[in-house]
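K.L.:
Can you read through this structure? Questions will come right after.
The values are calculated or read from the model by the stated rules, or taken from the named source; none is laboratory data. Treat the numbers as computed from the prediction; the structure is a model and nothing was measured. Cβ placement follows ideal geometry from the backbone for every residue including glycine, while neighbour counts extend to all protein chains displayed. Ligands, DNA and RNA are excluded from the accessible area calculation, which covers all protein heavy atoms including side chains. Shrake-Rupley method; radii C 1.70, N 1.55, O 1.52, S 1.80 Å.
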Amino acid sequence: MEIQINAKKSLMGLIKVPGDKSISHRAIMIGSIAEGITEIEGFLRGQDCLSTIECMRKLGVDIDLNEKLVKIKGKGLYLKESNSILDVGNSGTTLRLIMGILAGQNFETTLTGDESIKKRPMGRIIKPLSMMGADIKSRENNFAPIRIRGGKLKGINYKMPIASAQVKSCIMLASLYADKKTLIEEPYPSRNHSELMLNCFGADIKVDKNIISCYPVSKLYGQKISVPGDISSAAYFIVASSIVPGSDVTITGVNINPTRTGIIDVIQKMGGNIKISNRKIINNEPVADITVKTSSLKGIEISGEIIPRLIDEIPIIAVAAVFADGTTVIKNAEELKVKESNRIKTMTRELKKMGADIIETEDGMIINGTHCLSGAEVESYNDHRVAMSLSIAGIMAEGKTIIKNAECVDISYPGFYDTLNKL
Ligand code: S3P
């Protein structure tokens, strides 16, 4: 599907964004291995999270998805062997996290996914899970299709070479099945939804700075979970409302966990006008409304410890940088190369087609703010975050922008174009 985006004069209104993707995946997986009923409200019905539901169903979990609620009859820690291959679709989170659960199961499972998934590195989870005792075979020891036979696991001490919440969560899920404590050390803090949610379900995870101690459990207990709005989805409107003249937009009920709010810090540092109100804590997670008004942005350097706190928002930050005064330099973001597409390459290439002054570097991008783009025909590379970032670029461009393969937004944000139209 192609979509045509026209220039917009201002964005006004009150919106809600769909449920947080990371929290939705975790609620399905942790609810599945808990005992009793888990009810999830605000679940993200994006393709990735639906893949997680399908995989857990194949492992014998009874999951009912209706308009308002997801209801899981938890199977407890030990699942049923699947009689077919698990297909994770486009979802790296599904594959990496479920491997942690499968490492504790005394049977063999084969997993695969789409073309993009088959190119994404899995060595980063194969290594610690093998150290714990899982038997894993994969293409070139790094790529899906991947086969895992789990069983008795050993607690390990693991120093993660990269800050990755998917790797951390995978080890943490496996640690529930281990014979003793597992210690995980992160180079920088990455999103901590697994830690918060596992403790909600009765696990014993202790965090001291960048060291996480995970204790094995005999059971987890089903919970009622309310999924807040996804800040990674709100990010498109935070940037759009900052750069489209005369805008004033409020996004209600967004997760503002500090491990995710790098986008707010960056836009504020660039000179953005963002107000946070109506703060609450729901299921251990902070939630609030975010109001954004147009402002003049200036270029900044984005590097180091903040990168994991905004890794998924870098494509849209690149669009903000085009409409800022001066130069924005993004460094230490080499992880972007192994996302749904190589986001350094894809964003640089497509924004260049629209006339941006942007240079690809080894670990990021350099963007000179020129305050103008022209409409062009651009490619999403089937990467949802590229499609949505280019849509926001499109509303600021002169003339029409056509986005090819635009339907991939359904991976994380079904209804994205409707919300954009509403504003
Ligand atoms: C996620 C972690 C991040 C992020 C991804 C979701 C998660 O990936 O990019 O979209 O839910 O744990 P990495 O762990 O590879 O950094």
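K.L.:
Looking at segment 21-226, send over the antiparallel percent of its DSSP beta bridges, to the nearest 5.
P.N.:
Numbers: 29 of 39 bridges.
The antiparallel fraction comes to roughly 75 percent.
K.L.:
Once you keep just the Cα pairs under 8 angstrom separated by 6 or more residues, what percentage relative contact order results for the chain?
P.N.:
17 percent
K.L.:
Within 10 Å, count the other beta carbons around each residue, average over each peptide in 208-221, 408-421, and list them highest first.
P.N.:
The most tightly packed comes first, giving 408-421, 208-221.
K.L.:
Using amide H atoms built in the peptide plane, which far-off residues or other-chain residues are under 5 Å from Leu153 H to H?
P.N.:
Under 5 Å from the amide H of Leu153 lie the amide H atoms of Asp179, each far enough along the sequence or on another chain.
K.L.:
To the nearest 10 square angstrom, what accessible area does Glu360 show with a 1.4 Å probe?
P.N.:
80 Å²
K.L.:
Using a Cα-Cα cut-off of under 15 Å, which aspartates and glutamates could be cross-linked to Lys58, ignoring same-chain neighbours fewer than 8 residues away?
P.N.:
Glu81, Asp87, Glu108
K.L.:
For the pair Ile282/Lys298, report the inter-label distance in nm, with labels modelled 7 Å from Cα in the Cβ direction.
P.N.:
So the two model labels end up 3.7 nm from each other.
K.L.:
Next question. With the cut-off at 22 Å, tell me which of the pairs Lys75/Lys209; Lys119/Lys337; Lys80/Lys159 have Cα atoms farther apart than that. It would help to have the intermediate numbers written out before the result.
P.N.:
Details: Lys75/Lys209 33 Å; Lys119/Lys337 11 Å; Lys80/Lys159 32 Å.
From the list (Lys75/Lys209; Lys119/Lys337; Lys80/Lys159), the Cα-Cα distance tops 22 Å for Lys75/Lys209; Lys80/Lys159.
K.L.:
A further question on this structure: What number comes out for accessible area per residue over the chain if the probe is 1.4 Å? Units Å², please. Let's see the in-between values first.
P.N.:
Values: 15780 Å² over 423 residues.
Using a 1.4 Å probe on heavy atoms only, each residue of the chain averages 37 Å².
K.L.:
Here's something else I'd like to know. Please compute, for the alpha-carbon atoms of segment 196-345, the extent along each of the three principal axes and give them in descending order in Å.
P.N.:
Here the Cα extents, ordered largest to smallest, are 56, 34, 27 Å.
K.L.:
A further question follows. Given only helices, namely DSSP H runs of n ≥ 4 each adding -39500 (n - 2.57), what is the per-residue ellipticity at 222 nm of the chain, to the nearest 500 deg cm²/dmol?
P.N.:
On the way: 12 runs with 125 residues, N = 423.
Roughly -9000 deg cm²/dmol at 222 nm, from the helical runs in the chain.
K.L.:
Now for a different question. In a Gaussian network model over the chain where Cα atoms closer than 10 Å are linked, find which of Arg124, Arg191, Arg343 has the largest mean-square fluctuation.
P.N.:
Top of the fluctuation ranking is Arg124.
K.L.:
Which percent, nearest 5, of DSSP beta bridges in the chain are antiparallel?
P.N.:
Around 70 percent of the beta bridges assigned by DSSP in the chain are antiparallel ones.
K.L.:
Extension gain Lys68-Lys337, at 0.36 nm per residue separation less the Cα-Cα distance, in nm?
P.N.:
Length gained between Lys68 and Lys337: 93.2 nm.
K.L.:
Within the accessible area of the chain, what % is carbon and sulfur when the probe is 1.4 Å and the other protein chains stay in place? Kindly include the intermediate steps, with their values, before the conclusion.
P.N.:
Numbers: 7780 of 15780 Å².
Solvent-exposed carbon and sulfur of the chain make up 49 percent of the total.
K.L.:
Treat every Asp and Glu Cβ in the chain as -1 and every Lys and Arg Cβ as +1, leave all other atoms uncharged, and give the resulting dipole magnitude about the Cα centre to the nearest 20 debye.
P.N.:
So the dipole magnitude of the chain works out to roughly 780 debye.
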